[in-house]
Amino acid sequence: MKRNISLPPDLQKTWEEIEEYAKGYGLDFFPIIFEVLDYKTLYEVAALGGFPIRYPHWRFGMEYHQLSKGYTYGLSVIYEMVINTDPSYAYLLEGNEMVTQKMVMAHVSAHVDFFKNNMWFAHTNRKMLDEMANHATRIQRLINRYGHEAVEDFIDVCLSLDNLIDYHAPYIKRPGAKTEVPIAGGEDEPPTVEGLKVNRSYMQNYINPPEFLEQQRQKLIEEQDKVRHFPENPQKDILLFLMNYAPLERWQHTILEIIRDEAYYYAPQGMTKIMNEGWASYWHSRIMTERAMTDSEVISFADHHAGVVSTSPGRLNPYKLGLELLRDIEERWDKGKFGKEYEECDDIQAKRNWDRQLGLGRQKLFEVRQLYNDITFIDEFLTPEFIEQQMLFSFEYNSYNNLYEIASREFETIKEKLLFQLTNFGQPYISVENGNHNNRGELYLKHRHEGIDLKLDYANDTMHNLHIIWTRPIHLETVIDEAPHLLTYDGNEFRKQKV
Amino acid sequence: MQRVQRDLNRFRQIVRGQIKKNLRKYMSQGEMIGRQGKRLVSIPLPQIDIPRFRFGSKQAGGVGQGEGEVGDPIARGDPQEGEGQAGSEPGEHIIEVDITLEELAQILGEELELPRIEPKGSKKNIVSEKAKYTRIRRVGPDSLRHFKRTYKEALRRQISSGLYDPHNPVIIPIHDDVRYRSWKETPVPESNAIIIYMMDVSGSMGREQKDLVRNTAFWIETWLRSQYKQIEIRYIVHDAAAKEVDKETFYHIREGGGTRISSAYKLCDKIINERYPPTDWNIYPFHFSDGDNWGDGDTEICLKLLETELLPKSNLFCYGQVRSMYGSGSFLYELQQHFEDDDLLATSEIARHEDIYDAIKSFLGKGK
């Protein structure tokens, strides 16, 4: 797709203006190429995850169906979309009024600043536009060769596993696997123990007493087991593990790799949703209210902005939470409301009126945008005062009346719940423990249970999909109703047993 | 063609069950009925959820924002509601929207690809008045003033009274000249319909089953209302005996005892014969039961009644079998066996909420 379509002159002028404001505030972004799209094209690109070319798959059709239905029935509007590439591409909806376009441009420039500077994005492929197109070409080639059904079915299988990646993997250097061959070749000979060297045969029983020999033998067996047992340490990047060890055809390997690549590309955006949206909202609000907006645009801007940060009881709006928390940080660092002296102050009144005139807020904000992700962000900056002010609460399901109810307004509880939701994207922690379980090449997975059970029917179906790739029985250790269970799928049937 | 069109077509094929049937089990229709009051409904959007390792949602809870005391309810316990996950994908939740019933029917028709219903026969007895602006009056609002007639009147008056000057043809209408458009009511034959709901209220039908029936009935009514000018609805409940009840009773009555389906069919037939002659009415009997009929030859009586009386009189007879905690009976099977290819009978099994979609489609998809 040719992407050098320039903006209409009026929008181009507006962008130059906004760009200057944004840079004036210290935002540092990749070049941004804006494109004005009609709603059909915009929704198409949105359905394709922001990229104009993706491989064929029904789920993009489903996304498009939902998005365009939402638009047709007036339920939702996409104002803006931007992708993490260098240069960045951002899309504007044709026919939006100028104030909306301005706001979107300001919003987008902050997003791109975040992509460029936040450390969690450091490892993402900034040429993803090309990469996605390559993926599309490769999969199209596979389709031509192996048929639509086969390829799509296998993509479905891989997608079912695409959350089994290690979100921190790009930042950790791990030792390579020591065993390359999954199942040790050759016959398993019982280990023979030589014992220490004995020159005189009558000394044998003294130098190598039977207990000692037995001990040595055990040691050998253990070592052998270790070799058979792989990976040596539990591995969270199950997709990588499958790529390395599963008996895949070449084309299947290609598909799995593509799905994994794309999952890793999108991962940082999931890890920083609250911060990223908060950051963008913070800046569109400042740029608009302090610089870009004309008097006649106030009402429209206020209306749009209110829409962006609106809240509803059952759902947390990441735009709102991020924005408010960033503002809170700015105020605290401007006034010096941090550190030992402030923390240990008992006088509520003094705390409220605390102002050391430090003016460090802006600097702190830029530091936060560089170093934090949602988890560390919430962990470090959420305060009891903030929770009270923002009226946050935690809710729980009450099975007696089939209702979700407000469970607590306590700081600790809410923070814990929030962090839990964010940890691992609110996905269960599952790792490969053993690729040669029972010494029969069976896959043994472990779910690190943290209080919430897996959705069992989904787990079964996912194991079914794993089996398609691994071809040997799949085990999953988990906890159901507070009792440890082992789920097994052997290719024919599921078993659930207590352990 | 749009690039995404290819994916969209593929998705539609999956939804219709034409390809990749294994995926259909992950399909959800979203909640289709309104939550608060009749007017708030959500639009059915088919979604396919690829299975992944994920948490069962009910234990999870989450964090929200807003007013309320500890213990206040914030959402109903639907599995998809109120997960409140920060950073959750768009489209994961049900979309709710204010919408009128007419719009809803239209959307329903589009989504389910329901054909328009062709009313049967001549409905000469049922007429409604339709207004057409074909008459002229001397009084009326200015917005309906008939310029041409007014001009003619004024011209006629001026000529007859000698005020008309051909060299200076100025026509000045006075009050008496002004004419207004007016309407005339013409009788138009209308097709009207009667829905007769019959429900098994024997001991084996629980609250859940009735919920299924109510939801299905809501959608049937919504659709039929969009197709007919006027709809009358009658309600019959039955266990071993049948009686006619009002709507409130229909959905809330709880009877015990056994099931004799023929009792309901007899009553239904009686109502039709007495009040709704098939020559004048489009008749839609719907029967919901768990299919567990008494075994003393009652099923044969039902089949006979259907064959000789009810089916010939109805536009379409629909039977929906819900699954109760005691399983479901064989009545559905008997019907399907007996009326294998009969176009006038539509049957469907409604075991869960998701089945309502299919049920409506099989009931109303025939265009009868």
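The values are calculated or read from the model by the stated rules, or taken from the named source; none is laboratory data. Because the structure is predicted, anything quoted here is derived from the model rather than measured. Glycine gets a Cβ as well: all are built from the backbone with ideal geometry, and neighbour counts include every protein chain shown. In case anyone asks, the SASA skips ligands and DNA or RNA and just uses the protein heavy atoms, side chains included. Shrake-Rupley method; radii C 1.70, N 1.55, O 1.52, S 1.80 Å.
Summary of computed values
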| quantity | calculated |
| --- | --- |
| Residues of segment A:446-487 satisfying the condition of being part of a helix (DSSP H, G or I), open to solvent by less than 40 Å² (accessible area, probe 1.4 Å) and free of Cβ contacts under 8 Å to residues at least 60 places away in the same chain | A:Tyr458, A:Ala459, A:Met463, A:His467 |
| Residues of segment A:287-309 that turn out to be touching a Phe, Trp or Tyr at 6+ places or on another chain (Cβ under 7 Å) and either among the polar types (S, T, N, Q) or open to solvent by 30 Å² or more (accessible area, probe 1.4 Å) (or both), as a count | 3 |
| Positions within segment B:235-283 being under 20 Å from the mean Cα position of the chain (by Cα) and at pLDDT 90 or above, in sequence order | B:Tyr235, B:Ile236 |
| Residue match in segment A:104-116 (condition: assigned by TED's automatic domain parsing to the domain that holds A:Tyr43, crowded, with 16+ Cβ neighbours inside 10 Å and part of a strand (DSSP E or B)) | no |
| Residue check, B:Asn273 polar (S, T, N, Q) and in contact (Cβ under 8 Å) with a residue 24 or more places away in the chain | no |
| Scope segment B:223-258; condition open to solvent by 70 Å² or more (accessible area, probe 1.4 Å) and over 22 Å from B:Pro277 (Cα atoms); matching residues | B:Lys247, B:Glu248, B:His252, B:Arg254 |
| Residue list for segment B:306-364, filter: free of Cβ contacts under 8 Å to residues at least 60 places away in the same chain, among the hydroxyl-bearing types (Ser, Thr, Tyr) and open to solvent by less than 60 Å² (accessible area, probe 1.4 Å) | B:Ser314, B:Tyr319, B:Ser328, B:Thr347, B:Ser348, B:Ser362 |
| Residues within segment A:310-327 that are open to solvent by 20 Å² or more (accessible area, probe 1.4 Å) and more than 14 Å from chain B (Cβ to nearest Cβ), tallied | 1 |
| Any hit, segment A:306-313, residues being of a type outside the set (A, V, I, L, M) and closer than 19 Å to A:Gln370 by Cβ | no |
| Filter result for the condition that a residue is more than 7 Å from chain B (Cβ to nearest Cβ), out of contact with any Cys (no Cβ under 8 Å at 6 or more places or on another chain), open to solvent by 50 Å² or more (accessible area, probe 1.4 Å) and outside any helix (DSSP H, G or I), over A:Asn434, A:Asn439 | A:Asn439 |
| Checking A:Leu326 against (1) outside any helix (DSSP H, G or I); (2) in contact with a Gly (Cβ under 6 Å, 6 or more places away or on another chain), the condition it does not meet | (1) |
| Only listed residue being in contact (Cβ under 8 Å) with a residue 60 or more places away in the chain and away from chain B (no Cβ under 14 Å), chosen from A:Thr85, A:Thr100 | A:Thr100 |
| Selected residue [touching an Asp or Glu at 6+ places or on another chain (Cβ under 6 Å) and of a type in the set (Gly, Ala, Ser)] from B:Gly203, B:Gly257 | B:Gly257 |
| Yes/no for B:Lys361 being assigned to a helix (DSSP H, G or I), at pLDDT below 85 and out of contact with any Ser or Thr (no Cβ under 6 Å at 6 or more places or on another chain) | yes |
| Subset of segment A:45-79 [over 28 Å from A:Cys158 (Cα atoms) and open to solvent by 40 Å² or more (accessible area, probe 1.4 Å)] | A:Tyr71, A:Thr72, A:Tyr73, A:Gly74, A:Leu75, A:Ser76, A:Val77, A:Tyr79 |
| Residue list for segment A:394-431, restricted to those being within 14 Å of the chain's Cα centre (by Cα), within 8 Å of chain B (Cβ to nearest Cβ) and over 20 Å from A:Tyr458 (Cα atoms) | A:Leu422 |
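Listed here are the residues, each with its yes/no results for (1) surrounded by 19 or more Cβ atoms within 10 Å (Cβ to Cβ); (2) under 20 Å from the mean Cα position of the chain (by Cα); (3) hydrophobic (A, V, I, L, M, F, W, C); (4) not in a loop (DSSP other than H, G, I, E, B).
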{"site": "A:Glu211", "(1), (2), (3), (4)": "no, no, no, yes"}
{"site": "A:Glu222", "(1), (2), (3), (4)": "no, no, no, yes"}
{"site": "A:Phe230", "(1), (2), (3), (4)": "yes, no, yes, no"}
{"site": "A:Leu242", "(1), (2), (3), (4)": "yes, yes, yes, yes"}
{"site": "A:Glu262", "(1), (2), (3), (4)": "yes, yes, no, yes"}
{"site": "A:Pro268", "(1), (2), (3), (4)": "yes, yes, no, yes"}
{"site": "A:His284", "(1), (2), (3), (4)": "yes, no, no, yes"}
